1. Set the bar at 30 Å for Cα to Cα. Now go through Lys165/Lys192; Lys91/Lys206; Lys89/Lys206; Lys7/Lys192; Lys75/Lys268; Lys139/Lys165 and name every pair that lies beyond it.
2. So, for segment 158-277, what is the accessible surface per residue at a probe of 1.4 Å, expressed in square angstrom?
3. Please report the carbon-and-sulfur percent of the accessible area for the chain; probe 1.4 Å, protein heavy atoms only, DNA, RNA and ligands left out.
4. What is the sum of charges, Lys and Arg at +1 and Asp and Glu at -1, for the other residues whose Cβ falls under 9 Å from the Cβ of Asp14?
5. Could you work out how far the C-alpha centroid of segment 144-204 sits from that of segment 1-18, in angstrom?
6. Going toward the positive end of the dipole of the chain, with +1 on Lys and Arg Cβ and -1 on Asp and Glu Cβ, which of Ser217, Trp159, Phe5 do you reach last?
7. Would you kindly find the accessible area of Asp238, with a 1.4 Å probe and non-protein molecules such as ligands, DNA and RNA excluded, rounding to the nearest 10 Å²?
8. Specify the longest stretch of the chain that does not include any exposed loop site, a site being one of the trypsin sites (Lys or Arg not before Pro) with a non-H, G, I, E, B DSSP assignment and at most 13 other Cβ atoms within 10 Å.
Amino acid sequence: MQSLFKKSFNIVKDSPFITLFFVLYLIALFLVIQAMVTAKNFALAGIIGILLSLLTCAFIAGWFGMIRTSVLIYKENKTPEEKLEEAVKLKNDFFSGVSTFILPVIAGFLIFTALLYGHSYLSDVLFGKIDDVLYNLSKYANDPEAFKNYFISLPNSTWNLIFKKSIFSYITLCLITLVFLYWAASLYLNCKCSINPIRALVDSFKTMFLNFFETISIFILLTIMNFMLMLMQAVFIDNVIISFIAMILRIYFAAFIIVLIFDLYDSKQKKCTPDCNNRADCFGQDNANN
């Protein structure tokens, strides 16, 4: 396990394009969200929202392609020439990944979104709705005093309802996350070179189940580490320097998590014989049995 953490850390450290592309996406995401929020026309906001979803799927398709290549061709003590060659390859693999995996990623995105909506609907059926509370919270969002007074005025029954729904949502979202944890890694690194999103989801669940305790341990550890970074950024929000450092660390940590999951999944595939001679060159090869 320690070797996987070390390898994932070195991949992120030695592959600046991974974090660079992620930062560029976050900047584009911020600009698009700003345009969507300020759009006064509901139809225009909806169109921007759809474009935002497509942008996210396109980025994920290409970015995961870069991470896939980084995991497969990794080696220690690379020369500067090898690092430069790898950087150029990663840049090219981003666009190859978009063209090859955009449709499977969109399918996975739709499945994940459907599960989130299903969890929300089930929560409302089991415990009831809190639409009025959410509406009032948004109404008082710009008035701290009114916001505070509204919170204080909520009856105990409402607080109990919020508590039950929060616990239910937390448990359900953790389960959904665990089921999807290896989905992207399976889609990009499976031995069959298949790009079938349903097969990848089944394989993700199987991988999680067969390595349950290891997966749970890593999941808890990464959750704690992410919480500590979030807490650090929240506590020092008034300190520009520390807050900026915490933001950079969270960006690198997000990239590290994805690389670690890909690397962990790949370490479980060593005993299988790929249908492709080189999985780093499997882009676009979807076998008839997928």
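The values are calculated or read from the model by the stated rules, or taken from the named source; none is laboratory data. Please read these numbers as outputs of a predicted model, since none were measured by experiment. A quick note on method: Cβ atoms are made from the backbone with ideal geometry, for glycine too, and the neighbour counts reach across all protein chains shown. With ligands, DNA and RNA removed, areas are computed over all heavy atoms of the protein, side chains included. Shrake-Rupley method; radii C 1.70, N 1.55, O 1.52, S 1.80 Å.
1. Numbers: Lys165/Lys192 41 Å; Lys91/Lys206 32 Å; Lys89/Lys206 32 Å; Lys7/Lys192 24 Å; Lys75/Lys268 18 Å; Lys139/Lys165 21 Å.
Lys165/Lys192; Lys91/Lys206; Lys89/Lys206, as the Cα separations exceed 30 Å there.
2. On the way: 6730 Å² over 120 residues.
On a per-residue basis, 56 Å².
3. Working: 11800 of 17070 Å².
Ligands and nucleic acids excluded, carbon and sulfur give 69 percent.
4. Values: positive: Lys13, Lys78, Lys83; negative: Glu86.
Charge balance near Asp14 sits at +2.
5. 27
6. Of the candidates, Ser217 comes out farthest on the positive side.
7. Rounded to the nearest 10, the figure is 140 Å².
8. Numbers: sites that count: Lys40, Lys75, Lys129, Lys270, Lys271.
Answer from the scan: 130-269.
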